[in-house]
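To start, the structure under review is shown below, and the notes come after it.
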Amino acid sequence: MLKISTKSQYGLRAMVYLARFKDKICPLKIISGKEGISFDYLEKIISKLEKTGLIKAKKGVQGGYFLAKSPKRIKIGEIIRALEGDTVLVKCIAPIRKRGYCCPRERKCLTKNFWQKIQKTLNSALNSITLADLINPEGKPPRRRTSSLRGKKIKIWENLY
């Protein structure tokens, strides 16, 4: 069965966390604690996401990380590729320059088309879902209700976690 690495799982969770707080700079220590991910491991993951331009860093005492673009514009496939590279389900469907070998059954293989279809379907699914879809699966804006606190009206956002 296809297995997604913990690097991709944790990277996606960190990206979802940042998407939920898109207007805030989030310190790595907070993300690590809230998501239950080892600080050192998350640091390596975040570094890859930053190098690929999916997130940005603000240095200094009030520093942390934030999304480089809107959650609506970040596809899940981009995140997985940033962390794993271009991966394929089976190496015989990878471009020859990437697989480093030529399968002797390539011309007569009856399963290659099946693997190509599965790969295409998987890529299509990963590239059709955005971070915005994950933080708001129904596509509705968060519900806002007002409440009073010592006579002052405040806004309470629901569906944020």
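The values are calculated or read from the model by the stated rules, or taken from the named source; none is laboratory data. For clarity, every value in this text was computed on a predicted model and none was experimentally measured. Because the Cβ atoms are built from the backbone with ideal geometry, glycine has one as well, and the counts that use them run over all protein chains shown.
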task: Being assigned to a helix (DSSP H, G or I), surrounded by fewer than 13 Cβ atoms within 10 Å (Cβ to Cβ) and touching a residue at least 60 places away in the same chain (Cβ under 8 Å) is the filter here, so list the residues in region 40-71 that pass it.
output: none
task: Return the residue satisfying two criteria in turn: it lies in region 89-113 and is of a type in the set (Val, Ile, Thr) and assigned to a helix (DSSP H, G or I), and of such residues it is modelled with the highest pLDDT.
output: Ile93
- prompt: How many of the residues in region 4-20 are part of a helix (DSSP H, G or I), small (Gly, Ala, Ser) and more than 15 Å from Lys56 (Cα to Cα)?
  reply: 1
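Report, by residue number, each residue of region 42-75 that is β-branched (Val, Ile, Thr), out of contact with any Gly (no Cβ under 9 Å at 6 or more places or on another chain) and closer than 12 Å to Ala14 by Cα.
Ile55
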Options Lys120, Lys140: the member that is within 24 Å of Ala68 (Cα to Cα), basic (Lys, Arg) and modelled with pLDDT of 55 or more: Lys140
- request: Give region 3-22 a look and list any residue that's among the small types (Gly, Ala, Ser) and surrounded by fewer than 16 Cβ atoms within 10 Å (Cβ to Cβ), or say none.
  value: Ser5
message: Among the listed residues Ile31, Ile37, Ile80, Ile25, identify the single one that is surrounded by 15 or more Cβ atoms within 10 Å (Cβ to Cβ), hydrophobic (A, V, I, L, M, F, W, C) and over 17 Å from the mean Cα position of the chain (by Cα).
response: Ile25
- request: Name every residue in region 1-24 that is modelled with pLDDT under 95 and of a type in the set (A, V, I, L, M), in order of residue number.
  value: Met1, Leu2, Ile4
- prompt: How about region 4-39: which of its residues are among the charged types (D, E, K, R) and either in contact (Cβ under 8 Å) with a residue 40 or more places away in the chain or closer than 17 Å to Ile135 by Cβ (or both)?
  reply: Lys7, Arg13, Arg20, Lys22, Asp23, Lys24, Lys34, Glu35
